[in-house]
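The values are calculated or read from the model by the stated rules, or taken from the named source; none is laboratory data. Since the model is a prediction, treat every value here as computed from it, not as a measurement. Don't worry about glycine lacking a Cβ; one is built from the backbone with ideal geometry, like all the others, and counts go over all protein chains shown. Remember, those area values only see protein heavy atoms, side chains included, never the ligands or the DNA or RNA. Shrake-Rupley method; radii C 1.70, N 1.55, O 1.52, S 1.80 Å.
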Amino acid sequence: MTRNEPAHVVLVNRNGQLEKLAATLRRARAPISVHLVSALSALWPEDGSERDLEPDCVVVCHSTQTDGIAQLEAVRERLEVPVVVFSLINDIQPVQGAIEGGAADVICGYSGRKLVLINRFKDVLGLGEPDPLQTPEQRLESLLEHLPHQVFIKDDDHRIVDVSRVTAEEYGLEREQLRGLTDFELLHPPELAAHLFEEEKSIMEAGDPVINKVEHFVDHLGRDRWVSTSKAARYDEAGSVIGVLGTTRDVTEEKRQERMMHVLHEASRDLVSAETVAEVATVTADIAADIPDLPRVCIALGEGTILETVQGDQTVLTRYREAFERTVGSGNERFLTVDGEPSSVEDDAAVVLLPLGSHGVLGFESTSNTLDPFSVELARILAANVEVALDRAERTARLEAQNERLEQFASIVSHDLRNPMSTARGYLEAYRDSGDPEHADEIEHALDRMDSLTSDMLDLARYGRVVDDFETVTLESVVEAAWETVPTASATLSIVFDSETTVEADPDRLQEALENLFRNAIEHGLEESQADPNLETTDGGGLTVRLESIPGGFAVKDDGPGIPDSTKPDVFDLGFTDSTDGTGYGLYIVDQIVTAHGWSVQVADAENGGARFEITGLEMGE
């Protein structure tokens, strides 16, 4: 090929895979003559005759159908011309194989930029310098002006030769104004500049680069900053060191996030050690106070959608109460604008509400009216840890209550059963000596007493547990079911409320509470000679138990002798009784069940002097 002749480029076009490349090269404004052959054999005739043309460059294709590396080796064995491998497989392995096999160039696919493609072939063919996309000076200027990192170039006297625009902006100067300055004019304290001076001196002397070194400093505004720096020696064409060059990337936000994650994980240990719901809420508020941009925190806990602020800013719950209730109801996080409108963290959200399972909601409000995505992620992690801590605290509380009941149960068993058991043994010995039937009656009475105690103690152990799921039930149906299970002798029940009145309750536990109230009324309301409720044929003296509605609940009253004022404060205490046959468990069980529902019970006097028990705080309907 001479300077006046075109360069002959032969494309081995098996299966038409290089036709698009051929069309591109033919449209090029370059002295290139394109020839397509279907097989390598066209390049060296088998009869030994001369080729129709002498190629200046051969292009082979590498694809799933064609082994371009093998074709490369075949061409290089027979021809001394540059070979270009055009790969239709975008993978590093064929690129490495082609380069190791001596390819003049490896092109993966069709880049779509004609100038780039033509320049690569002109370079392979030695047709002079490729048409420049940019001069070296232009490329350097583009890098320094647009790379979003700090770039610096220094001479061997540690003076700045040039910097990137980002570097200049860091110091509030123009690029030209920084030229000739050193770190001693730009960095404070002076010890930092001296440290960098020694470091760069060592780099120029030993030639060992510094890679991704994270450094801390305080900027001119007094802010803590962190940067990751890489730098190396700079050489001239003769290989002599003439300075250093490097890049610095601001990693302040990354370090801040790293530090916050560390703080959160460290603080979560306090959540693990929190034993009560109140302690969990206090620790949560302390942790949340350290999350940047989210200083207003509200921990709202409660039953269902009835939430109260237990820690934090009450005004957050007040302003966004409806959203809080929807969050705990749905179990999904919510983002709101400062006006309470639904939003997202990507838009203009200023409030994030995170559900805490069935316990409540952890809410944050930003004072800057926008949420930082990283802070939201921290809040999510915190919410997950808080939910686990609340679960654990509730389990602990239940276990403590169960242990307390077990201790009470053991105390009752050891104390209350001892007396009738001793009585039975005494009369048993007397009966053996005398055979008197009265002694057998006393033994039977003691055994009945023990049976009553055992039954009530089992009820105590069972009823003290937390109530199960609430249901909407008619109050009348529960009242009638309770009345039917209690030996009522000749007592009568009067229900004075709408038969359609409903209540939200655990129906089994409510029935058990009513059974104990009815039993208490009958056992204490009948005359002493008729106090055995199993004697249903006995004239009961006309005792009437009346159940009536009152604001927020209902009352159970009777027309018996009533409860003295002196004993009213003690009637719900475990073991309290004013009856020789009483166990002191029944009203205690009533109080436990009522409290577990979130209600309250009080004792008062009925109009006619009997006992009156008022249960309030119910959700009632018709």
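Remarks
- Residues that are touching a Phe, Trp or Tyr at 6+ places or on another chain (Cβ under 8 Å) and at pLDDT 90 or above within the stretch 206-226 comprise just one, Val214.
- Evaluated against (1) under 55 Å from the mean Cα position of the chain (by Cα); (2) surrounded by 14 or more Cβ atoms within 10 Å (Cβ to Cβ), Gln96 falls short on exactly one condition, (2).
- Residues (among the hydrophobic types (A, V, I, L, M, F, W, C) and open to solvent by 50 Å² or more (accessible area, probe 1.4 Å)) located in the stretch 99-110: Ile99, Ala104, Cys108
- Residue match in the stretch 398-419 (condition: more than 53 Å from the chain's Cα centre (by Cα) and modelled with pLDDT under 85): yes
- Checked against (1) touching a Phe, Trp or Tyr at 6+ places or on another chain (Cβ under 9 Å); (2) assigned to a loop (DSSP other than H, G, I, E, B), Asp157 passes all but condition (1).
- Counted residues, the stretch 453-485 - those being surrounded by 14 or more Cβ atoms within 10 Å (Cβ to Cβ), assigned to a helix (DSSP H, G or I) and modelled with pLDDT under 70: 7
- Hey, Glu254 farther than 27 Å from Glu387 by Cα, within 21 Å of the chain's Cα centre (by Cα) and either at pLDDT below 90 or open to solvent by 60 Å² or more (accessible area, probe 1.4 Å) (or both) or not: yes
- Cross-chain or 6+ apart pairs with Cβ under 6 Å, the stretch 309-338 first and free of Cβ contacts under 8 Å to residues at least 24 places away in the same chain, then part of a strand (DSSP E or B) and open to solvent by less than 70 Å² (accessible area, probe 1.4 Å): Thr309/Cys298; Thr309/Ala300; Arg334/Leu353; Leu336/Val351
- Matching option when the condition is free of Cβ contacts under 8 Å to residues at least 24 places away in the same chain, of a type in the set (Val, Ile, Thr), touching a strand residue (DSSP E or B) at 6+ places or on another chain (Cβ under 7 Å) and open to solvent by 80 Å² or more (accessible area, probe 1.4 Å), among Ile211, Ile160: Ile211
- Given (1) surrounded by fewer than 18 Cβ atoms within 10 Å (Cβ to Cβ); (2) within 11 Å of Val9 (Cα to Cα), number of the condition Glu50 does not satisfy: (2)
- Residue within the stretch 489-504 that is part of a loop (DSSP other than H, G, I, E, B) and modelled with pLDDT of 90 or more present: yes
- If you go through the stretch 558-606 and pick out every residue that is modelled with pLDDT of 85 or more, buried (at least 17 other Cβ atoms within 10 Å of the Cβ) and in contact with a Gly (Cβ under 6 Å, 6 or more places away or on another chain), you end up with 5.
- Residues of the stretch 16-47 that turn out to be of a type in the set (A, V, I, L, M), in a loop (DSSP other than H, G, I, E, B) and either open to solvent by 50 Å² or more (accessible area, probe 1.4 Å) or without any contact (Cβ under 8 Å) to a residue 60 or more places away in the chain (or both), as a count: 1
- Scanning the stretch 341-363 for residues that are modelled with pLDDT under 90 and not hydroxyl-bearing (Ser, Thr, Tyr) yields Val345, Glu346, Asp347, Asp348, Ala349, Ala350.
- Residues within the stretch 55-75 that are open to solvent by 20 Å² or more (accessible area, probe 1.4 Å) and part of a loop (DSSP other than H, G, I, E, B), tallied: 4
- Taken together, Val297, Val338 contain a single residue that is closer than 17 Å to Asn369 by Cα, open to solvent by 30 Å² or more (accessible area, probe 1.4 Å) and not in a helix (DSSP H, G or I), which is Val338.
- Residues of the stretch 165-174 that are modelled with pLDDT of 90 or more and buried (at least 17 other Cβ atoms within 10 Å of the Cβ): Val166, Thr167, Ala168.
- Positions within the stretch 254-293 being acidic (Asp, Glu) and without any contact (Cβ under 8 Å) to a residue 24 or more places away in the chain, in sequence order: Glu258, Glu266, Asp270, Asp286
Rundown of residues vs (1) under 30 Å from His216 (Cα atoms); (2) open to solvent by 60 Å² or more (accessible area, probe 1.4 Å); (3) touching an Asp or Glu at 6+ places or on another chain (Cβ under 7 Å); (4) not acidic (Asp, Glu), yes/no style:
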position	(1), (2), (3), (4)
Ala274	no, no, no, yes
Gly304	no, no, no, yes
Glu333	no, yes, no, no
Asp347	no, yes, no, no
Gly357	no, no, yes, yes
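- Screening Arg326 on (1) at pLDDT 90 or above; (2) open to solvent by 30 Å² or more (accessible area, probe 1.4 Å); (3) not in a helix (DSSP H, G or I) shows it passes everything except condition (3).
- Of all the numbered requirements in (1) hydrophobic (A, V, I, L, M, F, W, C); (2) assigned to a helix (DSSP H, G or I); (3) at pLDDT below 90; (4) open to solvent by 40 Å² or more (accessible area, probe 1.4 Å), Leu133 misses one, and that requirement is (2).
- Entry remark, the stretch 217-240: residues being open to solvent by less than 90 Å² (accessible area, probe 1.4 Å) and not in a loop (DSSP other than H, G, I, E, B) number 13 in total.
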